[in-house]
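J.: Before I ask anything, here is the structure I am working with.
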Amino acid sequence: MATAAAASSGTVPNVQGEKDAPPGLLPWVEKYRPVTLNDVVGNTEAIDRLKVVAQDGNMPHMLLAGPPGTGKTSSIMCLSRELLGEEHLGAAVLELNASDERGIDVIRSRIKMFAQKKVVLPPGRHKVVILDEADSMTSAAQQALRRTMEIYSHTTRFALACNTSSKIIEPIQSRCAILRFSRLADEEILDRLRQICEAEHVGFSDDGLEAVIFTAEGDMRNAINNLQSTYSGFGYVNQANVFKVCDQPHPLLMKEVLDLCAGSGDLKAAQEKLLRVWNLGYSASDIIGTLFKVCRNHGTMNEGTKLNFIREIGMVHMRIAEGLNSRTQILGLLAKLCALQHKQQQQHGNGKGQSN
């Protein structure tokens, strides 16, 4: 379920589900889930469109596409709450995600029965069916859903959330207003994490929150879960504790490897440092992913060098994703990076010689 936490308005949204469980026992990702559209962080254009729908009251069929943890499902729940009111959510909103059976039989029975059900709603309002992770539905189920959307559009509106809109069949896409969500900015996640830390009285250091954001990669749910896991395990959120919990290769080690390649081009020293990380048990996928993030965010590397390095890292990342995840791929990458740096230094030296 895609979750974006509350906005940086300085207030923490009301706890949901506290009637069912004490607030202290709730995962923070649920405890601080947005309640209204004003609480949702990031993706301002998409949220503004949803606010217009909430004011107008006539919700179209919707398709929300974007990476996980960016607020797709939470936004639709907030819209449903603002359109129907808290008292109608249970009877007038049906939510199904990938953990539910959503084959063609469910479309024909459960969703159809819900669409036919009589519910007393405010004038001009409709029941809402939320299909989370709709791109995992079978093609046959999507074909059945297409006809159901048409027949019951006078009483029921459908909101589909997916990671990749191209996996939704064209007839459904053409029936929906499409909203695209993107990964959240680091500043947006940081503001939210600080609010949660204050509300939960969590001790933290600035480098600890930076580490949480680094591991989250624009995913608010991932960031909040990592924050809670670190605090639960160690009682204090700093960089060392975060990387113990998230278990990724430490970015400082990866930065040292890149600095050796981009500076002196010392292949032997770079390979020794990388093998030290490899021997800690990290996979090639872990190493190449962290290497890419560190290279992308490197503050002092020459821009031309950075672009060349990212190109080579991307090529090796693709091979690893295809299954060639041996140590040889990683060591070969370092050799290419050092060769690129030597070539660049040689060209720079030749340029100086010609100018003299």
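Each reported figure results from applying straightforward, stated rules to the coordinates on display, with no laboratory input. Model, not experiment: these values are computed from the prediction. Methodologically, a virtual Cβ is constructed for each residue, glycine included, from the backbone with ideal geometry; neighbour enumeration extends over all protein chains shown.
J.: Take every DSSP beta bridge whose two residues both sit in the chain, then give the antiparallel share in percent to the nearest 5.
T.: On the way: 1 of 19 bridges.
Rounded to the nearest five, the antiparallel share is 5 percent.
J.: Here is a further query. Where does the longest stretch of the chain lie that holds no GluC sites (Glu not before Pro) found in a DSSP loop with 16 or fewer other Cβ atoms within 10 Å?
T.: Values: sites that count: Glu18, Glu101, Glu217, Glu322.
With GluC sites (Glu not before Pro) excluded where exposed in loops, the chain gives 102-216 as its longest stretch.
J.: How are the C-alpha pair distances of the stretch 23-143 spread across 10 Å bins, as whole percents from the shortest bin up?
T.: 12, 40, 36, 12, 0
J.: Also, quick follow-up: Among the lysines, which fall within straight-line cross-link reach of Lys127, defined as a Cα-Cα distance under 22 Å, with same-chain neighbours fewer than 8 residues apart omitted?
T.: Filter leaves Lys51, Lys72, Lys112, Lys117, Lys118.
J.: Assuming 0.36 nm per residue, please report the length gained on full extension of the stretch Val120 to Ser182 beyond their Cα-Cα distance.
T.: Gain on extension, Val120 to Ser182, equals 18.7 nm.
J.: I'd like to know which of Asn241, Ser229, Ala65 lies farthest towards the positive end of the charge dipole of the chain, counting +1 on Cβ of Lys and Arg and -1 on Cβ of Asp and Glu.
T.: Ranked along the dipole, the leading option is Ala65.
J.: Whose amide H sits under 5 Å from the amide H of Ile178, counting only residues 5 or more places off or on another chain, with H placed in the peptide plane?
T.: Amide H to amide H, under 5 Å and 5 or more residues apart or across chains, Ile178 pairs with Leu63.
J.: Another question, if that's okay. Considering only Thr155, Ile130, Ser174, whose Cα is most displaced toward the positive end of the charge dipole of the stretch 126-189, charges sitting on Cβ of Lys, Arg (+1) and Asp, Glu (-1)?
T.: About the Cα centre, the residue reaching furthest to the positive side is Thr155.
J.: Same structure, new question: Roughly how many debye, to the nearest 20, is the charge dipole of the stretch 267-355 about its Cα centre, given +1 on each Lys and Arg Cβ, -1 on each Asp and Glu Cβ, and no other charges?
T.: With only Lys, Arg, Asp and Glu charged at Cβ, the dipole is about 160 debye.
J.: Still on this model: So how tilted is helix 220-234 from the main axis of the chain? Cα-based, degrees 0 to 90, rounded to 10.
T.: Between helix and principal axis, roughly 70 degrees.
J.: Quickly work out the Gln346-to-Thr155 label distance, labels modelled 7 Å from Cα along the C-beta direction, and quote it in nm with one decimal.
T.: 7.6
J.: Gap in Å between the Cα centre of the stretch 181-255 and the Cα centre of the stretch 318-337?
T.: 29
J.: For the chain, with only Lys/Arg (+1) and Asp/Glu (-1) charged at the beta-carbon, what is the dipole magnitude about the Cα centre, in debye rounded to 20?
T.: That gives the chain a dipole magnitude of about 1040 debye.
J.: Then there's this: For the residues Ser165, Ser285, Ser153, Ser75, what sequence is obtained by ranking on other C-beta atoms within 10 Å, fewest first? It would help to have the intermediate numbers written out before the result.
T.: Details: Ser165 18, Ser285 12, Ser153 15, Ser75 28.
Ordered from fewest to most neighbouring Cβ atoms within 10 Å, Ser165, Ser285, Ser153, Ser75 come out as Ser285, Ser153, Ser165, Ser75.
J.: Can I ask one more? Evaluate the chain: find the radius of gyration of its Cα atoms, find its Kirkwood radius, and give the ratio Rg to Rh.
T.: 1.06
J.: Roughly how far apart, in whole Å, are the Cα centres of the stretch 141-163 and the stretch 50-110?
T.: 11
J.: Within 10 Å of each residue's Cβ, count the other Cβ atoms and sort Ser80, Ser264 from fewest upward.
T.: Values: Ser80 24, Ser264 14.
Final ranking by Cβ density, sparse to dense: Ser264, Ser80.
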